[in-house]
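The values are calculated or read from the model by the stated rules, or taken from the named source; none is laboratory data. All values derive from a computational prediction rather than experimental measurement. Cβ: placed from backbone, ideal geometry, glycine included. Neighbour counts: every protein chain shown. Accessible surface is based on the protein model in full, side chains and every heavy atom, while ligands, DNA and RNA are left aside. Shrake-Rupley method; radii C 1.70, N 1.55, O 1.52, S 1.80 Å.
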Amino acid sequence: MKKLIDRTAVVTGASRGIGLAVLTALAKEGANIIACSSKSSDELDILYRNVAEKYCVDVTPVYFNLADESSVKLGMKKIRDLNVVVDILVNNAGVSHMSLVPFTKMDDLHRVFQINFFSQFLIVQNMLGLLKKSSHASIVNMASVAGIDGGVGVSAYAATKASMISLTKVLAQECSQMKIRVNAVAPGMINTEMASQMGEKAINEMISTSAAKRLGSSDEIANAVVFLASDDSSYINGQVLRVDGGIK
């Protein structure tokens, strides 16, 4: 039996990679999707339509730019204007950044924080009013093992993900009276476009330190998100679920 029938999920960064896998996995379990991405395209519209038809759900695209606070606010207004109860919020969108601390430009630091943390914070603020109307409300934030363990060259990225982990724990406490659960998934090295940007050496080093001896897949992360979004995890709150293949 499908786990999320008649529920509505907002998914950011839903056009590719982990976000698209999350969208598909939630739809497969019966959830209607509000798919947030930065810009529309004919290919993306067709993709969303195919997912909707395959799983007999609604997929509603909403486009806004996470790097622009005013654009995020407009996107949130579009979602509120849909006049639906939101049961699930997946804060997935994000960008990577590779640079040693001495060579990290402040403009880049501000940009990565704006996309990976400030915009997610703003989205949560705007969605809480819709989530608290649900009897099955769950927020799933996308963190990273980098936000827990750190790593060479990922100071900006790791700091944003550490911030998301802290926000997850704070929200779990603040939202308890609203019956909204808040958890995070911390992926290791996943076979996505973001991973390819880190370079072959970094990928090989990550594989060598993993008990699984391979990269993870977007579907494996999506399965973890579905678990935390569903009632299967009803007694899990304020936690960070590592999905990293067993990094040593």
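Does the stretch 114-130 contain any residue that is of a type outside the set (Lys, Arg), part of a loop (DSSP other than H, G, I, E, B) and out of contact with any strand residue (DSSP E or B) (no Cβ under 6 Å at 6 or more places or on another chain)? Before the answer, list the steps.
Filtering the stretch 114-130 down to residues of a type outside the set (Lys, Arg) leaves 114-130.
Narrowing further to those that are part of a loop (DSSP other than H, G, I, E, B): none.
No; the residues of the stretch 114-130 include none that is of a type outside the set (Lys, Arg), part of a loop (DSSP other than H, G, I, E, B) and out of contact with any strand residue (DSSP E or B) (no Cβ under 6 Å at 6 or more places or on another chain).
Please give the number of the condition ALA25 fails out of (1) under 26 Å from ALA184 (Cβ atoms); (2) in contact with a Ser or Thr (Cβ under 8 Å, 6 or more places away or on another chain).
Looking at each condition in turn, ALA25 falls short on (2).
When you check LEU131 against the structure, is it open to solvent by 10 Å² or more (accessible area, probe 1.4 Å), hydrophobic (A, V, I, L, M, F, W, C) and at pLDDT 95 or above, yes or no? I'd like the intermediate steps shown before the answer.
On the way: open to solvent by 10 Å² or more (accessible area, probe 1.4 Å): no; hydrophobic (A, V, I, L, M, F, W, C): yes; at pLDDT 95 or above: yes.
Against the criterion (open to solvent by 10 Å² or more (accessible area, probe 1.4 Å), hydrophobic (A, V, I, L, M, F, W, C) and at pLDDT 95 or above), LEU131 does not qualify.
THR168 fails exactly one of the following numbered conditions: (1) farther than 26 Å from GLY30 by Cβ; (2) crowded, with 21+ Cβ neighbours inside 10 Å. What is the number of that condition?
The one condition THR168 does not meet is (1).
I'd like the full set of residues that are over 13 Å from ARG16 (Cα atoms) and of a type in the set (Lys, Arg), limited to the stretch 30-57.
Listed by number, the residues that qualify are ARG49, LYS54.
If I go through the stretch 1-18 residue by residue, how many of them are in a loop (DSSP other than H, G, I, E, B) and either open to solvent by less than 80 Å² (accessible area, probe 1.4 Å) or closer than 18 Å to LEU82 by Cα (or both)?
6
Quick grid of which residues meet (1) open to solvent by less than 20 Å² (accessible area, probe 1.4 Å); (2) touching a helix residue (DSSP H, G or I) at 6+ places or on another chain (Cβ under 7 Å); (3) among the aromatic types (Phe, Trp, Tyr); (4) at pLDDT 80 or above:
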site	(1), (2), (3), (4)
ALA186	yes, yes, no, yes
ILE207	no, no, no, no
ALA212	no, no, no, yes
PHE227	no, yes, yes, yes
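If you take the residues of the stretch 24-56 that are farther than 18 Å from HIS136 by Cα and of a type in the set (A, V, I, L, M), which of them is surrounded by the most Cβ atoms within 10 Å (Cβ to Cβ)?
Of everything passing the filter in the stretch 24-56, ALA35 is surrounded by the most Cβ atoms within 10 Å (Cβ to Cβ).
What residue, of ARG49, ARG111, is modelled with pLDDT of 95 or more, under 20 Å from VAL11 (Cβ atoms), assigned to a helix (DSSP H, G or I) and basic (Lys, Arg)?
Answer to the check: ARG49.
Which residues, counting only those in the stretch 69-83, are open to solvent by 100 Å² or more (accessible area, probe 1.4 Å) and among the aliphatic types (A, V, I, L, M)?
The answer is LEU74, and nothing else.
Hey, ASN83 hits all of (1) in contact (Cβ under 8 Å) with a residue 12 or more places away in the chain; (2) assigned to a loop (DSSP other than H, G, I, E, B) but one; which does it fall short on?
Only one criterion is unmet by ASN83, namely (1).
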